[in-house]
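Enquirer: Mind having a look at this structure? Questions to follow.
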Amino acid sequence: AFSSINEASFKDVKVVPNPFFVHSDFETDPNANKLRFINLPSECKITIFTVSGELVDIVYHDSINISDGVVNSGSEWWDLLNGEGNSIAPGLYIYVVESQSSNYKHIGKFAVVR
């Protein structure tokens with residue numbers, strides 16, 4: 001990392017699109033049922049919870065975004081599947097971004113609409 005990670009680097013962390021509208025099961029675009037975390041620090045863990053606090057999934061992000069093949073893109077895709085590989089239910093979700101190299105956390109929320 002070129003600069004020390006501080007709270008300012010997290011203020012732009014977002015989920016796009018938000019709310020996320022789930023498309024039909026017959027959708028042909030492989031990226032259709034994915035949402036994207038953007039403006040992430042180069043290495044972090046994204047933990048996703050239901051509003052009632054149940055763990056949904058954990059996504060590890062590092063500086064190389066495999067989906068896009070872009071180095072230091074600051075974004076990470078999530079396929080809307082829980083840890084068991086099942087589609088998540090529509091509703092409101094909480095996410096926590098934790099930097100591996102500092103003790104900073106960013107907490108946000110996103111909605112999934114069917």
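Enquirer: Could you look through region 97-114, keep only residues that are among the polar types (S, T, N, Q) and under 16 Å from the mean Cα position of the chain (by Cα), and pick out the one that is least open to solvent (accessible area, probe 1.4 Å)?
Expert: 99
Enquirer: If I ask for residues that are among the aromatic types (Phe, Trp, Tyr), more than 19 Å from the chain's Cα centre (by Cα) and either under 20 Å from residue 62 (Cα atoms) or at pLDDT 90 or above (or both), which ones from region 1-44 would you list?
Expert: 2 - this is the single residue of region 1-44 that is among the aromatic types (Phe, Trp, Tyr), more than 19 Å from the chain's Cα centre (by Cα) and either under 20 Å from residue 62 (Cα atoms) or at pLDDT 90 or above (or both).
Enquirer: I would also like to ask the following. On the basis of being among the β-branched types (Val, Ile, Thr), at pLDDT 95 or above and open to solvent by 60 Å² or more (accessible area, probe 1.4 Å), does residue 48 make the cut?
Expert: Answer is no for this residue.
Enquirer: When residues of region 51-96 are filtered for being of a type in the set (D, E, K, R), at pLDDT below 90 and open to solvent by 70 Å² or more (accessible area, probe 1.4 Å), how many remain?
Expert: So the count comes out to 1.
The values are calculated or read from the model by the stated rules, or taken from the named source; none is laboratory data. Everything numeric here is computed off the predicted structure, so don't read it as measured data. For accessibility, only protein heavy atoms count, side chains too; no ligands or nucleic acids. Shrake-Rupley method; radii C 1.70, N 1.55, O 1.52, S 1.80 Å.
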